[in-house]
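Here's the structure, in structure tokens; my notes come after.
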Amino acid sequence: MITLEKEIEKVILVGVAGESEEETIASLEELEELAKTAGAVTVGKMIQKRETIHPGTYVGKGKLSEIKDALWELDGTGIICDDELSPVQLRNLRDELDTKVMDRTLVILDIFAARASTNEGKIQVELAQLKYRQSRLTGMGISLSRLGGGIGTRGPGEKKLEQDRRVIKNRIAQLNRELKEVKRHREITREARKRNKLPVVAIVGYTNAGKSTLLNGLTGSDILAEDKLFATLDATTRSVKLETGGEVLLTDTVGFIRKLPHHLIEAFRSTLEEAKYADVLLHVVDASNPEVERQMYTVYQTLEELDIKDKPIVTAFNKQDLLEGLSTLRDFKADYRVSISAKEKRGFEELLGAIGTVLREKKVYIEGRYDYKEGDKIQLIRKHGELLEEEFREDGIWVKAYVTPEILEKTRPKEGK
């Protein structure tokens, strides 16, 4: 009997520190988590302190020699650089080190390729992969075989190693057409939601902040939630009832990360745009992470890149169960801040209350009398507004409520305001 075992990649992580070495160390720790998620084992980390990245080999000549020795001593099968490599850097590093060379972007693409489950997700990932590989054909001939692939050799680059530029270009064009069709369907769904007049709350945050766990806890869903980077990629929408009455739609989005590849931002734009059309942004933050402030900065920076601004924000400082006391963190961009534990379902009442308060600010206060035969109007208020008081009198039903501007005319009382 022949036993086939999957070869485990043993990689050395390489980073270049400019002004802040601490930031580079933190970035390499995150890269180690990415490598682990992709299926590789980190056997070493190396940082070179220099003002700028070497244009030809990423690191200097002396550091290259150190990396070569470390690969031999640690029995490494490849290196992962913490920044996106140019085609020239990729080729020179491979020639100098005679080993598999990857960068942060390729590892993230590998993870996305393994995690994408819906048709839209698969199209988006393949499109990002092909654009990444297309830019690295320069000076490498028409064969993709020299690219070597990423961890586990996933994706279109490894399926057809002899594709030339024309084939890739045609495939990208085809995927763009398919993505346009998917986007059209998404817009139809969005319009249907508008007709239902249910407010939408988009959950955004750094990867592994607990967004899926929170969505599961609030809605009773069973979406995959793991303690891994990019555990879920596909946007998921579920409804939840607020304490103040009425329903909202909660939409989960793909997690953000520092140095998020440009190819992915472009490919996942239609999914990330769910946040653009939302009424409220629910920013989930891992309060237990030492890099929490930098992660919050990354989230807001990515939202800015997507032109998502001027939205009311509720920030949920999650993972309070991992802290000794309540978080003392601040988010000056948020309208409301709450402390929660999605895992232990703590702070949910306060969180839903904050969302309800934000949504109430967009509503109109009404007070007055309805005939008993106008029960349908009151039902409409219950579904899309906030029914504060309801009193049954001889001359009709007296109501105090908040309603959205869209249903104001349909629910205006006969007497009152």
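The values are calculated or read from the model by the stated rules, or taken from the named source; none is laboratory data. No experiment lies behind these values; they were computed from the predicted model shown. Note: ideal-geometry Cβ built from the backbone for every residue, glycine included; neighbour counts use all protein chains shown.
Are any of the residues in the stretch 218-231 at negative phi, assigned to a helix (DSSP H, G or I) and modelled with pLDDT of 60 or more? So far as the stretch 218-231 goes, yes, one or more of its residues are at negative phi, assigned to a helix (DSSP H, G or I) and modelled with pLDDT of 60 or more. Criterion applied to Arg346, Arg330, Arg360, Arg382 was being modelled with pLDDT under 90 and more than 26 Å from Leu303 (Cβ to Cβ), and the one residue passing it is Arg382.
Out of everything in the stretch 5-53 that is of a type in the set (Gly, Ala, Ser) and surrounded by fewer than 19 Cβ atoms within 10 Å (Cβ to Cβ), what residue ends up being modelled with the highest pLDDT?
Kept after step one, since they are of a type in the set (Gly, Ala, Ser), are these residues of the stretch 5-53: 15, 17-18, 20, 26-27, 35, 38-40, 44.
So of that shortlist, the ones also surrounded by fewer than 19 Cβ atoms within 10 Å (Cβ to Cβ) come out as 17-18, 20, 26, 39, 44.
Working: Ala17: 90, Gly18: 81, Ser20: 78, Ala26: 89, Gly39: 88, Gly44: 95.
That would be Gly44.
Looking for something farther than 25 Å from Thr253 by Cβ, surrounded by 21 or more Cβ atoms within 10 Å (Cβ to Cβ), among the polar types (S, T, N, Q) and at pLDDT below 80 - is there at least one such residue anywhere in the stretch 136-155? Scanning the stretch 136-155 turns up no residue that is farther than 25 Å from Thr253 by Cβ, surrounded by 21 or more Cβ atoms within 10 Å (Cβ to Cβ), among the polar types (S, T, N, Q) and at pLDDT below 80. Based on this model, can you work out whether Ala128 counts as at pLDDT 65 or above, outside any loop (DSSP other than H, G, I, E, B) and within 21 Å of Thr37 (Cβ to Cβ)? So Ala128 passes the test. Scanning the stretch 299-317 for residues that are within 15 Å of Ala202 (Cα to Cα) and aromatic (Phe, Trp, Tyr) returns a single hit, Tyr300.
Is it the case that Leu109 is modelled with pLDDT of 90 or more, touching a helix residue (DSSP H, G or I) at 6+ places or on another chain (Cβ under 6 Å) and aliphatic (A, V, I, L, M)? No: the conditions fail for Leu109. The condition (being closer than 30 Å to Asn208 by Cα and basic (Lys, Arg)) is satisfied by just one residue among Lys61, Lys10: Lys10.
Looking only at residues of the stretch 91-125 that are closer than 21 Å to Lys259 by Cβ and not in a helix (DSSP H, G or I), we find that the one that is nearest to the chain's Cα centre (by Cα) is Ala116. Can you name the residue in the stretch 386-412 that is closer than 13 Å to Glu374 by Cα and part of a loop (DSSP other than H, G, I, E, B) and is also farthest from the chain's Cα centre (by Cα) among such residues? Per the stated criteria, the residue is Asp395. Here Asp252 meets each of (1) in contact with a helix residue (DSSP H, G or I) (Cβ under 6 Å, 6 or more places away or on another chain); (2) over 30 Å from Val403 (Cα atoms); (3) among the acidic types (Asp, Glu) with one exception, condition (2).
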